[in-house]
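Here the structure comes first, spelled out in structure tokens, and everything after it is commentary.
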Amino acid sequence: MLTNQHIAVIGGDARQLEIIRKLTEMNADLSLIGFDQLDHGFTGATKCSVNEVDLTKLDAIVLPVAGTNMEGEVDSIFSNEKVILTAEHLSKTPSHCTVYSGISNSHLQEMAKKASRKLVKLFERDDIAIYNSIPTVEGTIMMVIQHTDITIHQSNIAVLGLGRVGMSVARSFDALGANVSVGARKPEHIARITEMGLKPFHLSSLATEVANLDVCINTVPAQIVTSEVISKMPSHTLIIDLASKPGGTDFRFAEKRGIKALLAPGLPGIVAPKTAGKIIAGVLTQLLIEQLKEGEEKNP
Ligand code: NAP
């Protein structure tokens with residue numbers, strides 16, 4: 001349980017509601033900042049502003065998946081007011097107070113460093129990334145169905161990258177009966193693709209692998225779907241770019257050639273916010289319990 005743990009949940013979207021639900025179930029003491037428009041009440045949770053919360057009592061700060069922007073602003077769909085987090089705010093918290101965010105940027109990292117507070121980037125964890133690949137795949141299937149006039153079954157699909165998302169995407173489209181080829185650069189990835197019964201190719205020869213493609217799904221966060229590659233694709237090919245912004249596709253060239261190319265960020269939060277929230281809440285709770293135990297061991 002998280003009894004007597006004071007946690008500030010700042011901003012976010014529907015995913016944060018699952019986190020709040022889980023933390024209140026664990027009996028944590030919650031301050032909800034940036035939730036003034038939220039109708040739903042949670043026992044043990046108090047809505048307040050960043051200036052009203054007693055920062056000196058906080059054991060943890062939970063930020064939304066996106067963290068802050070480069071000005072320290074935290075997005076919230078539950079408030080019209082701007083919520084800005086500063087290094088001064090963090091400095092007022094106890095030294096053990098940990099900041100949890102999905103991803104981070106240089107500004108948030110700098111703030112945490114300046115205040116000497118630990119920053120945990122949840123989406124860098126393998127467990128979250130693998131669980132999250134499940135709603136990502138479902139969102140990708142939805143997009144492919146919406147933007148093509150052929151079945152996935154028997155279509156030629158290339159998946160670029162065999163990371164946590166790429167592997168789940170490749171496996172799922174294979175299970176739906178597509179002819180799946182997977183591009184990677186490491187010999188062990190080529191071996192794994194072969195073991196999975198899929199067609200492997202090295203990403204260096206991508207341009208020669210796209211001549212018969214119906215759908216190209218990129219998961220590599222680097223510019224690899226270049227104008228040269230796109231120029232070799234049939235005009236009906238659909239490109240879905242799952243890699244984090246700005247993606248790995250020359251979108252401008254694709255548009256010029258009349259090839260539909262879609263950047264599709266944040267699919268879990270769009271297609272399954274409840275599940276996506278539960279995924280984060282489950283891992284976050286474990287980490288908060290570990291943090292509590294460590295604190296108890298240090299100060300028995
Ligand atoms: P990951 O496990 O790190 O996999 C990334 C893959 O890209 C690996 O196979 C990696 O291969 C390859 N790669 C990276 N840089 C490369 C380069 N310069 N050239 C060739 N290959 C390269 O990441 P992930 O968890 O699968 O996530 C993939 C991307 O999807 C990330 O950008 C992530 O933010 C994004 N994402 C998007 C959504 C969505 O809803 N759209 C959801 C979840 C994640 P090596 O091992 O050889 O480096």
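One table, with the values for the structure above:
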| item | result |
| --- | --- |
| Residues being more than 16 Å from the ligand (Cβ to nearest atom) and modelled with pLDDT under 95 - total across the range 97-125 | 0 |
| The range 152-164, subset in contact with a Gly (Cβ under 8 Å, 6 or more places away or on another chain) and more than 25 Å from A222 (Cα to Cα), residue nearest to the ligand (Cβ to nearest atom) | I152 |
| Within the range 136-214, strands (runs of 3 or more DSSP E) holding 1 or more residues that are at pLDDT 95 or above and under 24 Å from the mean Cα position of the chain (by Cα) | 156-160, 179-184 |
| Residue selected from the range 238-266 under the condition closer than 16 Å to A129 by Cβ and modelled with pLDDT of 95 or more, by the criterion surrounded by the fewest Cβ atoms within 10 Å (Cβ to Cβ) | A243 |
| Of all residues making up the range 226-274, the number that are within 16 Å of the ligand (Cβ to nearest atom), among the aliphatic types (A, V, I, L, M) and outside any loop (DSSP other than H, G, I, E, B) | 10 |
| Some residue of the range 275-293 being more than 9 Å from the ligand (Cβ to nearest atom) and over 27 Å from the mean Cα position of the chain (by Cα) | yes |
| Residue count, the range 15-31 (criterion: over 18 Å from G102 (Cβ atoms), free of Cβ contacts under 8 Å to residues at least 60 places away in the same chain, touching a strand residue (DSSP E or B) at 6+ places or on another chain (Cβ under 8 Å) and not acidic (D, E)) | 3 |
| Residue check, S106 open to solvent by 30 Å² or more (accessible area, probe 1.4 Å), at positive phi and not aromatic (F, W, Y) | no |
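Here's the yes/no breakdown for (1) open to solvent by 60 Å² or more (accessible area, probe 1.4 Å); (2) in a strand (DSSP E or B); (3) at pLDDT 95 or above:
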site: I20; (1), (2), (3): no, no, yes
site: L23; (1), (2), (3): no, no, yes
site: S31; (1), (2), (3): no, yes, yes
site: D39; (1), (2), (3): yes, no, no
site: F42; (1), (2), (3): no, no, no
site: V50; (1), (2), (3): no, no, no
site: I61; (1), (2), (3): no, yes, yes
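The values are calculated or read from the model by the stated rules, or taken from the named source; none is laboratory data. This is a predicted model, so every value here is computed, not measured. Because the Cβ atoms are built from the backbone with ideal geometry, glycine has one as well, and the counts that use them run over all protein chains shown. Ligands, DNA and RNA are stripped out before the accessible areas are found, and what is left, the full protein with its side chains, is counted by its heavy atoms. Shrake-Rupley method; radii C 1.70, N 1.55, O 1.52, S 1.80 Å.
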